[in-house]
Amino acid sequence: MGQALFPAIRKKRKIMTVTTKQVDSYRFLDGLVKRLVRTWIGLEPQRDIPWTPLKKPLKESTVALLSSAGLALKSDQPFNQEGERQNPWWGDPSYRLLPRDADPKEIALYHLHISNKVVERDINALIPLERLLELEKEGGIGQAALHHYSYMGYILQPQVLLDETLPAMIEQMKQDQVDVVLLVPG
């Protein structure tokens, strides 16, 4: 049966080797800090991942982007990098709104753990605003949300982020009638 369905594969008989690459999320940390952070993360209890099925098709949904890259409009207040320089265990727990029609040239990166070269090459790697608007135009999604969100992903003391920032973002998303949020890791 397989030979009849896939005659081109049967003729070529090439063997492909699949390799996987382990991503080292800690590669920019020195040895002691790397071990400390890994141990710290290992102390967190395992939790179920909450899954919420879509209530309507993606083609009818309003989609927002959530970037952990510490992005803000150049005209907005930057994320506090000085606080992190003074205390490497601290990260700015606030967030910034980016309008759906934000000009990529007007967005700046305020994150000490991400190279500015990424933004210079293509801001869509950190917040794919242009790609999302293309999906909207092509009918792949209902619409891009009025606002998109960015926060600093390097927060080792997350209480303010969890207790204040996330509820504020969720409230704004409800106001904008967001159905789907896509996390774009920085």
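Summary table
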{"read-out": "Residues that are surrounded by 15 or more Cβ atoms within 10 Å (Cβ to Cβ) and either at pLDDT below 90 or acidic (Asp, Glu) (or both), drawn from region 81-103", "value": "GLN81, GLU84, TRP90, GLY91, ASP92"}
{"read-out": "Selection from region 125-143 of residues that are more than 23 Å from LYS55 (Cα to Cα), touching a Leu at 6+ places or on another chain (Cβ under 9 Å) and either in a helix (DSSP H, G or I) or among the β-branched types (Val, Ile, Thr) (or both)", "value": "ILE127, LEU129"}
{"read-out": "Of all residues making up region 36-52, the number that are out of contact with any Leu (no Cβ under 9 Å at 6 or more places or on another chain) and closer than 27 Å to ARG96 by Cα", "value": "5"}
{"read-out": "Where a residue in region 19-34 is free of Cβ contacts under 8 Å to residues at least 40 places away in the same chain and among the hydrophobic types (A, V, I, L, M, F, W, C) and its partner, wherever it lies, is in a helix (DSSP H, G or I) and surrounded by 10 or more Cβ atoms within 10 Å (Cβ to Cβ), with Cβ under 7 Å and at least six apart", "value": "LEU29/VAL37"}
{"read-out": "So LEU54, is it within 19 Å of the chain's Cα centre (by Cα), among the aliphatic types (A, V, I, L, M), at pLDDT 85 or above and surrounded by 10 or more Cβ atoms within 10 Å (Cβ to Cβ)", "value": "no"}
{"read-out": "LEU146 under 18 Å from PRO57 (Cβ atoms) and either modelled with pLDDT of 95 or more or among the hydroxyl-bearing types (Ser, Thr, Tyr) (or both)", "value": "no"}
{"read-out": "Some residue of region 157-171 being within 26 Å of LEU29 (Cβ to Cβ), modelled with pLDDT under 95, aliphatic (A, V, I, L, M) and exposed (fewer than 12 other Cβ atoms within 10 Å of the Cβ)", "value": "yes"}
{"read-out": "Filter result for the condition that a residue is under 29 Å from MET152 (Cβ atoms) and at pLDDT below 80, over GLN22, GLN46", "value": "GLN22"}
{"read-out": "Unmet requirement for PRO128, which otherwise passes all of (1) surrounded by 14 or more Cβ atoms within 10 Å (Cβ to Cβ); (2) within 28 Å of LEU36 (Cα to Cα); (3) at pLDDT 90 or above", "value": "(2)"}
{"read-out": "Residue that is surrounded by the most Cβ atoms within 10 Å (Cβ to Cβ), among those in region 112-125 that are closer than 16 Å to LEU65 by Cβ and at pLDDT 85 or above", "value": "ILE123"}
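The values are calculated or read from the model by the stated rules, or taken from the named source; none is laboratory data. Note that this is a predicted model, so its numbers are computed, not measured. All Cβ positions, even for glycine, are placed from backbone atoms using ideal geometry, and neighbour counts span all protein chains on display.
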